[in-house]
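What follows is one structure encoded as structure tokens, with my remarks underneath.
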Amino acid sequence: MATDRTADNPEQSDTDRQCSDMSPTSQASQPSSDLACRQDTTGTSTTSTCLLGEEVDPNGDNADGEPADDEVTHRPSFITHLVTSDYGRPGLYYHGIRQPKGKDDSEKYDVWICSPLECQAMTHDERGDNHGLLLRFRPLSSAWRTLAMPMEMLKGNGEELRGILLNLGLRINPSAHKLLTRYLMDQQPKESIVAATRVGWHLLEGKRVFVMPRTTIGASINTKQITFQSEHVGNDDFITKKELKDWRTRIGELCSGNPWLILSVATALTGPLLNLTHRKAVGIHLYGDSSGGKTTALEVAASVWGGPDFKRTWNGTGNGQEAVAAALSDTAIILDEISEADSRNIGNTIYMLGNGAGKARAARTGMARQPQRWRIAILSSGERTLAAHMRESGLKPKAGQTVRLLDIPAKRTHGLFDDLHGFSDGRAFADHLKSEVSHCYGTLGPAFIKRLIANDQDIPGELERFASLPGFASASPLQGRAAKALALIGLAGELATEFGLTGWREGEAVFAAISAFSAWKAGQGGIQSEDEQILASVKAFIERHGDARFSDIERDLSLGPIVHDRAGYWQRQNDGRIYLLHPAALEEALAGFDIKRGLDSLEQAGWIIERDKKARSTRRRINGTQKRFYAIRPASDEDAQS
């Protein structure tokens, strides 16, 4: 569910006003004073809106403050009176008729249901599901607003919908809530528009449009044919203050000369490029000492899309982060203080955010619900790396987790900064930036999308060109993935500079991305691939337990020391020992990796020495009983280096 709050922001930017002109809600925000009465008959009741006089006072009274005489000619009917009438204050009324018992004459009655309210269009998503209504209503003391309401909000007694409408300013007669539900269920407007159920890129008339809660950005098409509709209200963080030129001069220009500030802003701008380059996510994690400027960098990045509340913390459940990511699709999720996340679940959360899909869940009927999906740029901060945080719970990060959230040390000349732009120290500079981002925000992201649509560049081709720069040269597939992600971030920053949006010099964004890649390689670039982690884990297990949990298979077991918690046996050969591991012992040695995945890595490395036919295990007779083992000989350090 979404509501248009454009009229509530007196400091709305030029960019946002231009975008709002293309929104399906902008036309709805004007009173239809050119009609004396608009009336549709639905079943046995009539729905109409009475608009009396040429002008409508926003407070609900006519120019004289006197009631307007408006005799209802058809009953039963729902009528919205926009000014005070003989029936009472402005609002949606039910004008009924009843036949009292024992009386011959019928009796008229009138019920005030709520503040002025009307239905403008029916809505549905691109698949023809998620049906709803586009409502237009006037709160008691503000301008007209619109709300895309999912029909499922009317289930039960409609209490959830009434709570939302009350929160948005509509006054409702508590004794007439059934009439409100009946009115909404009866509505069948002739106009039908597409309801986007998530923020981000959508196709309309074969062309891309970018849907946000309060505006739709597109070119050469009627963007009034699509609106944003969600069952969640209050998650609209895409608010604006001041104009783009203010952001550029008061914030953007101060980022110039500070690679990590530019990197943060460019990361926030990368979200709209993900769909265009067929990616689901990119992510960086700034780590370092406290009071170094990391949180300031995140707040500057948050100003790309919204106000200070656009930045969140890691303090939340995986389900909570899933809901946030779905609400911010094709933009950015900005999370401060990774130490507040549960170290036991942080790895799964990273996978979930990076894979662009939430958990599969069952509906109340038992049928599978569609999982939430998104494409998202992730910007994180904390005093520790992801690996250090996971080790707190005895976990070791997998390669896929570390490459989805790249650890970047936040250490520059003055904490996170290099150029203080005349301020005395890093703290003074950070305080000034914090003040500025609380006054200028939300204009850069929509302006960037608008320019992307207008310029229609070959973004995938540009990404390949950036990724081929010498600064992104990689020595392994894992490094190649990191390089491609940072190249995309650099491309986003350079495009914004080319469009004249940032106040940066040409080349600063790509320099920041290359610097980040170098810093990542120096600190984490040598992180092991999954194959390397498997081999290292098995080798460490054998070295740790070789003499305690293994014994010579050819020696009389009755003569040797008792082996507790046996992992297997060893057998001496000319090339060294072969270790025969029980299946359970190998599973333990793999430290969380699937046994089939582990055997693939061991076989590829040539560590499986013996096997029976097509199996990767061998059978040996122990105390008269055939048992299955995995015969493994780890490579020596010299062999590994060669």
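Residues in region 390-410 that are open to solvent by 50 Å² or more (accessible area, probe 1.4 Å) and either assigned to a strand (DSSP E or B) or modelled with pLDDT under 90 (or both): Arg391, Glu392, Gly394, Leu395, Lys396, Lys398.
Within region 436-445, is even one residue without any contact (Cβ under 8 Å) to a residue 40 or more places away in the chain and in a loop (DSSP other than H, G, I, E, B)? So that I can check it myself, show each step before the final result.
Just the residues of region 436-445 that are without any contact (Cβ under 8 Å) to a residue 40 or more places away in the chain, to begin with: none.
No - not one qualifying residue is present in region 436-445.
Among Leu286, Leu274, which is the only one that is part of a helix (DSSP H, G or I) and buried (at least 19 other Cβ atoms within 10 Å of the Cβ)?
Details: Leu286 fails: part of a helix (DSSP H, G or I).
Matching residue, one of Leu286, Leu274: Leu274.
Among the residues of region 204-218, is there at least one that is under 28 Å from the mean Cα position of the chain (by Cα), surrounded by fewer than 21 Cβ atoms within 10 Å (Cβ to Cβ) and at pLDDT 90 or above?
No, because not a single residue in region 204-218 is under 28 Å from the mean Cα position of the chain (by Cα), surrounded by fewer than 21 Cβ atoms within 10 Å (Cβ to Cβ) and at pLDDT 90 or above.
The strands (runs of 3 or more DSSP E) found entirely in region 85-132 that carry 2 or more residues being open to solvent by 60 Å² or more (accessible area, probe 1.4 Å), touching a strand residue (DSSP E or B) at 6+ places or on another chain (Cβ under 8 Å) and more than 26 Å from Gln229 (Cα to Cα) are 91-98, 107-114. For region 314-329, the set of residues classified as hydrophobic (A, V, I, L, M, F, W, C) and open to solvent by 10 Å² or more (accessible area, probe 1.4 Å) consists of Ala323, Val324, Ala326, Ala327, listed by residue number.
The C-beta contact set for region 339-363 (first residue more than 14 Å from Ala281 (Cα to Cα) and surrounded by 18 or more Cβ atoms within 10 Å (Cβ to Cβ), second residue at pLDDT below 90 and of a type in the set (Asp, Glu), distance under 8 angstrom, 6+ apart or interchain) comprises Ser343/Glu392.
The residue of region 300-313 that is farthest from the chain's Cα centre (by Cα), among those that are surrounded by fewer than 24 Cβ atoms within 10 Å (Cβ to Cβ) and in a helix (DSSP H, G or I), is Pro308. Just one of the listed residues (Ala585, Ala635, Ala591, Ala631) is of a type outside the set (Asp, Glu) and assigned to a helix (DSSP H, G or I), and it is Ala585.
Taking the numbered list (1) modelled with pLDDT of 95 or more; (2) in contact with a helix residue (DSSP H, G or I) (Cβ under 6 Å, 6 or more places away or on another chain) in turn, Ser343 passes all entries but (1).
Which is open to solvent by 20 Å² or more (accessible area, probe 1.4 Å), modelled with pLDDT of 95 or more, closer than 20 Å to Phe448 by Cα and not in a helix (DSSP H, G or I), of Arg279, Arg250? Break it down stepwise before answering.
On the way: Arg250 fails: not in a helix (DSSP H, G or I).
None of the others qualify; the one that does is Arg279.
There is at least one residue in region 74-84 that is out of contact with any Leu (no Cβ under 9 Å at 6 or more places or on another chain) and of a type in the set (D, E, K, R).
Scan region 377-385 and tell me whether some residue there is outside any loop (DSSP other than H, G, I, E, B) and of a type in the set (D, E, K, R). Break it down stepwise before answering.
Residues of region 377-385 that are outside any loop (DSSP other than H, G, I, E, B), as a first pass: 377-382.
From the residues that got through so far, the ones that are of a type in the set (D, E, K, R) too are none.
No, region 377-385 has no match at all.
Of everything in region 364-388 that is farther than 25 Å from Val265 by Cα and either of a type in the set (D, E, K, R) or modelled with pLDDT of 65 or more (or both), the residue that is most open to solvent (accessible area, probe 1.4 Å) is Arg364.
One residue is enough: does region 324-335 have a residue meeting the conditions farther than 17 Å from Asp237 by Cβ and either out of contact with any helix residue (DSSP H, G or I) (no Cβ under 8 Å at 6 or more places or on another chain) or assigned to a helix (DSSP H, G or I) (or both)?
Within region 324-335, the subset farther than 17 Å from Asp237 by Cβ is none.
For region 324-335, residues farther than 17 Å from Asp237 by Cβ and either out of contact with any helix residue (DSSP H, G or I) (no Cβ under 8 Å at 6 or more places or on another chain) or assigned to a helix (DSSP H, G or I) (or both): absent.
The values are calculated or read from the model by the stated rules, or taken from the named source; none is laboratory data. None of the values given here were measured: they were computed from a predicted structure. When we count neighbours, we look across all protein chains shown, and the Cβ atoms used for this are built from the backbone with ideal geometry, even at glycine. Just so you know, the surface numbers come from the protein's heavy atoms only, side chains and all, with ligands and any DNA or RNA stripped out. Shrake-Rupley method; radii C 1.70, N 1.55, O 1.52, S 1.80 Å.
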